[in-house]
1. In region 169-182, which residue that is out of contact with any Ser or Thr (no Cβ under 9 Å at 6 or more places or on another chain) and in a helix (DSSP H, G or I) is surrounded by the most Cβ atoms within 10 Å (Cβ to Cβ)?
2. Aliphatic (A, V, I, L, M), in a loop (DSSP other than H, G, I, E, B) and surrounded by 19 or more Cβ atoms within 10 Å (Cβ to Cβ) - does that describe any residue in region 71-79?
3. Of all residues in region 221-255, which are within 28 Å of residue 18 (Cβ to Cβ) and at pLDDT 85 or above?
4. For region 45-65, what are the residues that are within 24 Å of residue 204 (Cα to Cα) and either modelled with pLDDT of 95 or more or in a helix (DSSP H, G or I) (or both)?
5. Which ranges mark the helices (runs of 4 or more DSSP H) fully within region 183-269 that have 3 or more residues being crowded, with 20+ Cβ neighbours inside 10 Å and either free of Cβ contacts under 8 Å to residues at least 12 places away in the same chain or away from the ligand (no atom under 12 Å from the Cβ) (or both)?
6. Select from region 11-21 the residues that are surrounded by fewer than 21 Cβ atoms within 10 Å (Cβ to Cβ) and either of a type in the set (Ser, Thr, Tyr) or farther than 15 Å from residue 272 by Cα (or both) and write down the one among them that is nearest to the ligand (Cβ to nearest atom).
7. Whether any residue in region 145-156 is away from the ligand (no atom under 16 Å from the Cβ), more than 28 Å from residue 249 (Cα to Cα), assigned to a loop (DSSP other than H, G, I, E, B) and without any contact (Cβ under 8 Å) to a residue 12 or more places away in the chain is what I want to check.
8. Output the residues belonging to region 22-44 that are near the ligand (Cβ under 10 Å from one of its atoms) and in a helix (DSSP H, G or I).
Amino acid sequence: MSDFVTRFAPSPNGYLHLGHAFSALTAFTAARAAGGRFLLRIEDIDGARARPELEAAIYEDLAWLGIAWETPVRRQSEHLDEYAAALARLEAMGLVYPCFCTRKEIEEALAAPHGAGSVYPGTCRGLDRTARATRLASGRPFARRLDLGAALARTGPLAFTESGVAVAVDPQRLRTEIGDAVLARKDVPASYHLAVVHDDAVQEVSVVIRGADLAFATPLHRVLQALLGLPTPAYRHHRLLTDASGRRLAKRDGAATLRALRAAGMTADDVRAHLELA
Ligand code: GLU
């Protein structure tokens, strides 16, 4: 067996649709072609949105597609202590700060005439010790954010490979596209970014295959890997499926779920054939 390890990492907060099928089949086929391993990870860290029946539906739909995965399946909700430990390491490096801003306050800051860009402007980064202590003591909910500038100063220049091509992390782009990312919230103990980076390392994923909609996050993931001393997988972001009008398939637009297609008489072979043509 080769050392090729990839994964499909759905969140159980909706039924899988054709876009998921494309992602899962792309990763599964790549693993097969490389004689490697295919893993499944359930990204159920957002307890308020994850539903057990949707997790069961993921297994059912993937099996129907003819996909086989290794067991046991890693479920993020079972590893919260690991994410907390990773967060604590970043905190110990002085790279995390509490952010007390509400969504509304952030929106207002961005809408202000001088509010450049579309990412969090770093308001709480500059709070002094006393202001921070007062807010913490008030019991106000807060998010923990990565101080991106300090993080980049610590890591120095970074790169990763995208579809076999070396790509340098562009600090300026990272600042304007992601900024001081949230790493944890009161109700969600670890953000997608922190959990995914930790899990890919623990699961020894060598190639991350996922949709192009997540490509923006890869430079941040590379930064977190460097900070936490984790290996960097290779990345392959695949194209996104679009509907007849050219719009990206998305759950919120009611994209046809695999179970609806199945109920309508479509077979797994039909889905594969459709996706190869799509
Ligand atoms: N859980 C993410 C999603 O459902 C995918 C994470 C990843 O592939 O890195 O969009």
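The values are calculated or read from the model by the stated rules, or taken from the named source; none is laboratory data. Since the structure is predicted, the reported quantities are computational estimates derived from the model, not experimental observations. Counting neighbours? That spans all protein chains shown, and the Cβs are built from the backbone with ideal geometry, glycine included.
1. Taking the candidates together, the pick is 174.
2. No.
3. 221, 233, 234, 235, 236, 237, 238, 239, 240, 241
4. Matches in region 45-65: 55, 58, 59, 62, 63.
5. 218-228
6. 11
7. Scanning region 145-156 turns up at least one residue that is away from the ligand (no atom under 16 Å from the Cβ), more than 28 Å from residue 249 (Cα to Cα), assigned to a loop (DSSP other than H, G, I, E, B) and without any contact (Cβ under 8 Å) to a residue 12 or more places away in the chain.
8. Matches in region 22-44: 23, 27.
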